[in-house]
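Trainee: What follows is a single structure, and I will ask about it in a moment.
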């Protein structure tokens, strides 16, 4: 599995302390909707599993996970309509 960007929707907000820990461990993380959506850049399969375990171990319920290819400055949209 190539490195991916993942959007994780949680039930309820992720506390600031846990979000700080996630940023320390996984680097580029942004939030949407008052910390209920996490967008994590550059995850491989092992990192994604570690992130999910961290969230579950802290009592968070994952509602959805949307992976996409990691964006780079050289990527172009190759999809066709």
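The values are calculated or read from the model by the stated rules, or taken from the named source; none is laboratory data. Keep in mind the model is a prediction, meaning the values are calculated, not measured. For neighbour counting, all protein chains shown are included, and Cβ atoms are generated from backbone atoms with ideal geometry for every residue, glycine included.
Trainee: Would you say residue 12 is modelled with pLDDT of 90 or more, at positive phi and assigned to a loop (DSSP other than H, G, I, E, B)?
Mentor: So residue 12 fails the test.
Let's see how each residue does on (1) without any contact (Cβ under 8 Å) to a residue 24 or more places away in the chain; (2) over 9 Å from the mean Cα position of the chain (by Cα); (3) surrounded by 12 or more Cβ atoms within 10 Å (Cβ to Cβ); (4) on the phi < 0 side of the Ramachandran plot:
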site: 3; (1), (2), (3), (4): no, yes, yes, yes
site: 6; (1), (2), (3), (4): no, no, yes, yes
site: 17; (1), (2), (3), (4): yes, yes, no, yes
site: 21; (1), (2), (3), (4): no, yes, yes, yes
site: 24; (1), (2), (3), (4): yes, yes, no, yes
site: 33; (1), (2), (3), (4): yes, yes, no, no
site: 48; (1), (2), (3), (4): no, no, yes, yes
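Trainee: For the list (1) under 16 Å from residue 60 (Cα atoms); (2) at pLDDT 90 or above, I need the number of the one condition that residue 24 fails.
Mentor: The number of the failed condition is (1).
Trainee: Would you pick out the residues in region 27-63 that are modelled with pLDDT under 90, in a loop (DSSP other than H, G, I, E, B) and in contact with a strand residue (DSSP E or B) (Cβ under 7 Å, 6 or more places away or on another chain)?
Mentor: Matches in region 27-63: 27, 28, 36.
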